[in-house]
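Following: one structure in structure tokens, then a few remarks.
The values are calculated or read from the model by the stated rules, or taken from the named source; none is laboratory data. No experiment lies behind these values; they were computed from the predicted model shown. FYI the Cβ positions are ideal-geometry reconstructions off the backbone, even for glycines, and counts take in every protein chain you see.
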Amino acid sequence: MADYLDVPPEVLVRLRPICLGLPEAYEEPAWVGTRWRIRKRTFAHVLRVAPGQPPVHAKEASVDGESTVLTFRSRSPELEVLTDTGYPFYRPAWGRDVVGMILHADVDWSEVAELLTESYCVQAPHKLVEQVRRPD
């Protein structure tokens, strides 16, 4: 097993209240990094990438150095808008509704909260989605 970089604690501190504030969401270690799930469906995954590590994420994120990346789910038309925008967003080659985001130093955490709330709503059962407060 390769030695992967740990997600910076300050990133986890920002993501936890967003993700764990959603109905029945839980956190667990992923094969690399940390993920948040609803039932058995992942709606957010954060990890560190470095050149070539982990290979699939490093290739898809196209980063030159070490970076923290977040993957989440989205629906059309937002999916196309995000992935057509370019940096900090990218479209991983796996999953038809997956979006990647490089969490740069001046990331807008309000935007991240909105994106992860929507990602949760893509993955969660309808009864749980009805409990989520979303911006208009």
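For region 31-45, does any single residue satisfy the condition of being surrounded by fewer than 19 Cβ atoms within 10 Å (Cβ to Cβ), of a type outside the set (A, V, I, L, M), at positive phi and out of contact with any Asp or Glu (no Cβ under 6 Å at 6 or more places or on another chain)? Yes: region 31-45 contains one or more residues that are surrounded by fewer than 19 Cβ atoms within 10 Å (Cβ to Cβ), of a type outside the set (A, V, I, L, M), at positive phi and out of contact with any Asp or Glu (no Cβ under 6 Å at 6 or more places or on another chain).
For region 92-114, the set of residues classified as farther than 25 Å from residue 65 by Cα and in contact with a helix residue (DSSP H, G or I) (Cβ under 9 Å, 6 or more places away or on another chain) consists of 96, 97, 113, listed by residue number.
Total residues in region 46-92 satisfying the condition of being within 13 Å of the chain's Cα centre (by Cα) and either exposed (fewer than 13 other Cβ atoms within 10 Å of the Cβ) or aromatic (Phe, Trp, Tyr) (or both): the figure is 3. Taken together, the residues in region 84-125 that are part of a helix (DSSP H, G or I), within 26 Å of residue 39 (Cβ to Cβ) and free of Cβ contacts under 8 Å to residues at least 40 places away in the same chain amount to 3.
Within region 47-65, identify whether any single residue is outside any loop (DSSP other than H, G, I, E, B), closer than 26 Å to residue 5 by Cα, β-branched (Val, Ile, Thr) and in contact with a strand residue (DSSP E or B) (Cβ under 6 Å, 6 or more places away or on another chain), and answer yes or no. Spell out how you get there, then give the answer.
Of all residues in region 47-65, those outside any loop (DSSP other than H, G, I, E, B) come to 47-50, 53, 55-61.
Those still in the list that are closer than 26 Å to residue 5 by Cα too: 47-50, 53, 55-61.
Adding the requirement that they be β-branched (Val, Ile, Thr) leaves 49, 56.
Okay, now just the ones that are also in contact with a strand residue (DSSP E or B) (Cβ under 6 Å, 6 or more places away or on another chain), so 49.
Looking for residues that are outside any loop (DSSP other than H, G, I, E, B), closer than 26 Å to residue 5 by Cα, β-branched (Val, Ile, Thr) and in contact with a strand residue (DSSP E or B) (Cβ under 6 Å, 6 or more places away or on another chain), one finds at least one in region 47-65, hence yes.
Against the numbered list (1) more than 22 Å from residue 124 (Cβ to Cβ); (2) touching a strand residue (DSSP E or B) at 6+ places or on another chain (Cβ under 6 Å); (3) among the hydrophobic types (A, V, I, L, M, F, W, C); (4) at pLDDT 95 or above, residue 7 comes up short only at (4). Only a single item in (1) more than 25 Å from residue 9 (Cβ to Cβ); (2) of a type in the set (A, V, I, L, M, F, W, C); (3) assigned to a strand (DSSP E or B) is not met by residue 70, and it is number (1).
So, residue 24, is that one in contact with a Lys or Arg (Cβ under 9 Å, 6 or more places away or on another chain) and at positive phi or not? Yes.
On the stretch given as region 39-69, residues that are out of contact with any Gly (no Cβ under 7 Å at 6 or more places or on another chain), closer than 27 Å to residue 126 by Cβ and of a type in the set (A, V, I, L, M, F, W, C) total 2.
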